[in-house]
Every structure is written in structure tokens, then in C-alpha cells.
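In what follows, a single structure is set out as C-alpha cells and then discussed.
Each value in this text was obtained by applying a stated rule to the coordinates, not by laboratory testing. Everything numeric in this text was worked out from a predicted model, so none of it was measured. Heads up, the Cβs are rebuilt from the backbone with ideal geometry, glycines too, and the neighbour counts pull from every protein chain shown.
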């Protein structure tokens, strides 16, 4: 089985791999370089910067020190371009000064990246069958939609934490295919306030990588219309739902909270 390198492993080894060219013919040297590229040494600083949505200098200075790499000197570059090319896909890599191990970068992200969750999403699927049936009963009696009834009851159940700014961090278990920055979201939404409202409305978590704050691009492709509302993570979700369920079972329910577009508003 192929060894999986951990971040601690990578910190203990020399990161620069030297391809010896002394007393060897150019074709042998070119073969070695191409073999390393096929084995995963095909990640450039430019690609790292593009993935992280940061500039070249930041990517090189802050996110490559733990990665194994090969360097391509001018002599090696000339050899690669003048040797027999058997894989056209590798040619763009010949122009790079450094090529990093792609698996090392993924390992770095799994070790260093965290989800930062500030809000939990609440859906009808979070309710038991009995509680959902009771919710629909009260919604009809109060002449509200089930969504509006759920939202209003939630605020009445525990309004003190509505604007709490607590968060919890969760280790990332799978590297997102594409991440986006707030600048990318500004291009998508037009205004930062619109972007932040969307993030809050659908409880979209941040991704923290070092001092970078990013988001999973997949979270912005389609709206999750199953989300009725979101609340700060300072409210334990299971306890909160249990409390809400007990409230629904009462003989009468009174509240003075109004709703607007599924956002929390006090009357």
C-alpha cells in the first residue's frame, strides 16, 4: 500500500528533491523529470494561488514550505524542451521554476483547513412526525404557513441568542473542489451586504486556511430551499428542538413576533 504522508512527516524531510544530472545524457535527465511529474510533482505555485484565491507571493510564502518539490533549472528546461516529448500534457509544466507534490498540498489542506460554523440550519426534516403534525395544526389554526409558524415559534422559544456571534470549528474531511473568496462573491452578488445575507440565510460555513477566509463554491450554486431559518450555534440544536416540540404540544400558543422573508425581526 502506498504510504500516506502526514504533515508531521513532511516537516521532517528535505522538501527539495535534487535530480542529479552529472555524467548523464540529456534523455535520461528528461525521463527523470517527466517521471516525477507523472508521479504527482505537477502542482505549480500559480495553481496553488488560483485555488486559494490569493496572489502568487502569498501562496509561495505561506502555503508551500511543507510541500515536497522539484526545481527546474534553465539547463533542465532546455533539456526537457529539446528531448523527445511523449506526453504533450506535461509540456506546460516545463516552464515552471518549481513543481510541488499534489498529494502533499491536499494533505496540508486536510491538516490546516477548518469549517467555521456560526449558524445552524433548521428544516422540517429536523422535526419528528408528531411535532411536524402539531406544527401544521397550529399553522392552520393561526392562519399562517407552516414555514412562518416554525420561524415565529423558534424566535419565541429562545429570542435571547438571535444575534449571538459564537462559532464552532470542524476539521475538513474532504478538500472542496473549488473555493471562493469574498471578492468572488462580490462579483456574484454585487454587494457585500447581499452576500452576507445569503450566507446567514442558508447557514453557509466559512473555510479557514491560515489567515484566509474562504467558502465552498458548491454552497452558492443552488439555494437549499429546505432551510426554513437559521439560528446561532450558541443555541444547542437538539435541546432547542426538544423545547420547541414541548411548546407545540401545549393547549394554546401565543406570540407577538412577526416575520419577513424568513429573516428574524422583532415586532
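Only Cα pairs under 8 Å and at least 6 apart count here; give the relative contact order of the chain as a rounded whole percent. If you can, show how the numbers build up before the last one.
Values: 341 pairs, mean separation 58.7, N = 267.
The normalised contact order for the chain reaches 22 percent.
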Taking only Cα atoms and a 10 Å spring cutoff, compute GNM fluctuations for the chain and point out the largest among 236, 176, 92.
92
If you find the alpha carbon centre of segment 213-245 and of segment 72-96, how far apart are they in angstrom?
50
Run the numbers on segment 7-112 and let me know its relative contact order in percent, using alpha-carbon pairs under 8 Å that are six or more apart.
40
Under Stokes-Einstein, with the Kirkwood radius over Cα pairs standing in for Rh, what whole-number D in µm²/s applies to segment 118-265 at 37 °C and 0.692 mPa s?
195
Anisotropy class of segment 7-112 from Cα gyration tensor, a/c 1.5 cut:
prolate
Could I have the simple spin-label model distance between residue 169 and residue 75, label points 7 Å from Cα toward Cβ, reported in nm to one decimal?
4.6
Hey, rough spin-label estimate for residue 243 and residue 15, points 7 angstrom out along Cα→Cβ, what's it come to in nanometres?
4.8
Angle between the Cα long axis of helix 129-141 and the longest principal axis of the chain, 0 to 90 degrees, nearest 10?
50
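Just for segment 105-237, what percent of DSSP beta bridges are antiparallel, to the closest 5?
Antiparallel: roughly 100 percent of the beta bridges in segment 105-237.
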Counting only backbone N atoms under 16 Å from a point 7 Å out along Cα-to-Cβ of residue 225, the residues of segment 126-149 in range are 146-148
Using a basic spin-label model with each label point 7 Å from the Cα along Cα→Cβ, how many nm lie between residue 181 and residue 111?
2.5
With a 10 Å cut-off between alpha carbons and a GNM built on the chain, which of 25, 55, 216 moves the most?
25
Answer label for Rg/Rh (Cα atoms, Kirkwood Rh) (calculated), chosen among [x] 1.00; [y] 0.95; [z] 1.18:
[z]
Return the percentage of antiparallel bridges among DSSP beta bridges fully within the chain, rounded to the nearest 5 %.
95
So how much slack lies between residue 24 and residue 46, counting 0.36 nm per residue of separation and subtracting their Cα-Cα distance, in nm?
4.8 nm
For the chain, modelled as a Gaussian network with Cα springs under 10 Å, which listed residue fluctuates most, 119, 197, 75?
75
Calculate, in nm to one decimal, what residue 58 and residue 123 gain on full extension: separation in residues at 0.36 nm each, minus their alpha carbon distance.
19.4 nm
